[in-house]
Amino acid sequence: MVSVRVYVEGGGDKNPKLNRQCRAGFREFFSKAGLEGPMPSVHPGGPREKTYKKFCTAINEAKDDCFIVLLVDSEAAVASSDSPWEHLKKCDKWTQPPAAADDSAQLMVQCMEAWFVADRQSLGAYFGKDFKAAVLPARDDVEAIAKSDLERTLRQATRSCSKGKGIYRKGRHSFELLGCLDPSKVMEASPYARRLIDALKRS
C-alpha cells in the first residue's frame, strides 16, 4: 500500500492549534471527496518557501512506496501551456526535484479562497444569516478570479457577520471552513482541485 504525504502551504511551526485545524480540514475534505482507506498524511508547512523546502527534503528521503505531494497556492493564473512545475519555476524559481513526478506538484488556483467561492451555500451556512453572497465575484470559473479579489470580497461579504465568526481571516477561518465544503462543487468549478483529488485517488 502506498503511503501518501501532502505538504500544504499554511499553518506554522509555532501554532499547534492551527496545524491541527489544517490537518483536520484537509482530512475531512479528502474524505468527502471520495478517498478511501487511510487518508493522506497532511503536513502543514508554514510559509510558502518553507513548505517547498520541507517537500524537497521529504521526497529526497522517501521510499518507493511513498507518494509525496506539494500543495500550494498558485498566487496567480496558470497559463494553459504551463504544467504546475513550470508555473512554480516561473513564479517562485522552484525546480522540480529529480524524484518528483509531474503530479507531485498540486496547485490551489489562484488560492484556497477560490475553493470557498465555489461553494457559496457552505460559505453562507458557516458565516450565518448576515453573509452577503452577492458581494462575491459573479463568475463560475473561480480559477480566473485574482487572489486579491477573492480575499477582498470575502472580507466584504462577511463584514456584518456575527455568530462568533466575524470578518473572514485566513488561518482563523480557512481550515475549519475547508472541512465544511462540498468537494463536488469545488471540483466542478476548479479543474486543479479535481486534478489534486484524481492524483490522490490514483496513488
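Since every read-out is calculated from the coordinates, none of them should be taken as a lab result. Computed from a predicted model, the values in this text were never measured in an experiment. Cβ sites come from the backbone with ideal geometry, for glycine too, and all protein chains shown count toward neighbours.
Every Cα-Cα pair of the chain was included, and the share exceeding 22 Å stands at 47 percent. Annotation note: trypsin sites (Lys or Arg not before Pro) in the range 16-89 located in DSSP loop regions with a Cβ neighbour count of at most 12 within 10 Å are 63.
What the Cβ-Cβ distance of residue 185 and residue 64 gives, at R0 = 41 Å and to the nearest 0.05, is a FRET efficiency of 0.70. Over 19 Å apart at the Cα level, from the set 32/147; 53/201; 53/90; 17/185; 129/185, are 32/147; 53/201; 17/185; 129/185. Quick note on the range 114-157: its Rg to Rh ratio, both from C-alpha atoms and Rh being the Kirkwood radius, is 0.92.
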